[in-house]
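The block underneath contains the structure these notes are about, expressed in structure tokens.
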Amino acid sequence: MSESEDEAAARDLVERELGVALTFADVDGQVDYLFTDAGGRAGALEVTTLTDQKMKEARVAHRTKSPGYRASGRLTACWDVAVDERDARYNGLVDRLEPPLAALEQADVPADRWWMIESLWDRAGSDPERAAVRRLALAKVTMLNRRPADLCSRDPATQMCTRSTSAWSPATAPAAATPP
């Protein structure tokens, strides 16, 4: 067997933190690494990666069915939107997010702060604002951030978050954007 990416990352971390040299030893299912510490004691390291099949399927769906970020005619601000990866429906997600985000813009949700969906519900002062937060919750949004306008216009490539979907629409955005 050869060293996996997860194993290499774990090796680098353990070598740096413990000050030991790890030797890859995983042949036919053996322990992943062997080492000898400064006191001459032998040790072993086994790297285990937890896998959640539903999470793995959701990540594939996110990469293949969600545009990641794009310009929007309805929005005037940039929005970073984090979704619960395990339960989100990615087909048409950005289209479903635009109307409630536009409603939050109308309600003047403060910029440059990550809002937990529950906090937005608590601050909702009108029926349209509560309806917008409800729609976001149904889309499995867990938190969101309205970015200051000056950040949007400088570098639209910074509007994409890993493990989330962001919709953005600065006035200077290109008609079609591609993720970095």
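The values are calculated or read from the model by the stated rules, or taken from the named source; none is laboratory data. What you see is a predicted model, and the numbers here were worked out from it, not measured in a lab. A quick note on method: Cβ atoms are made from the backbone with ideal geometry, for glycine too, and the neighbour counts reach across all protein chains shown.
Among the listed residues V20, V27, which satisfies the condition of being part of a loop (DSSP other than H, G, I, E, B) and either surrounded by 12 or more Cβ atoms within 10 Å (Cβ to Cβ) or small (G, A, S) (or both)?
V20
Residues that are at pLDDT below 50: find the strands (runs of 3 or more DSSP E) completely inside the stretch 83-180 holding 2 or more of those.
164-168
Within the stretch 1-57, track down each residue that is among the basic types (K, R) and modelled with pLDDT of 85 or more.
If the condition is that a residue be among the basic types (K, R) and modelled with pLDDT of 85 or more, then R11, R16, R41 are the ones that fit.
Restricting to the stretch 118-138, and then to whatever is buried (at least 20 other Cβ atoms within 10 Å of the Cβ) and under 30 Å from K56 (Cα atoms), can you tell me which residue is farthest from the chain's Cα centre (by Cα)?
Among those residues, the one meeting the criterion is A132.
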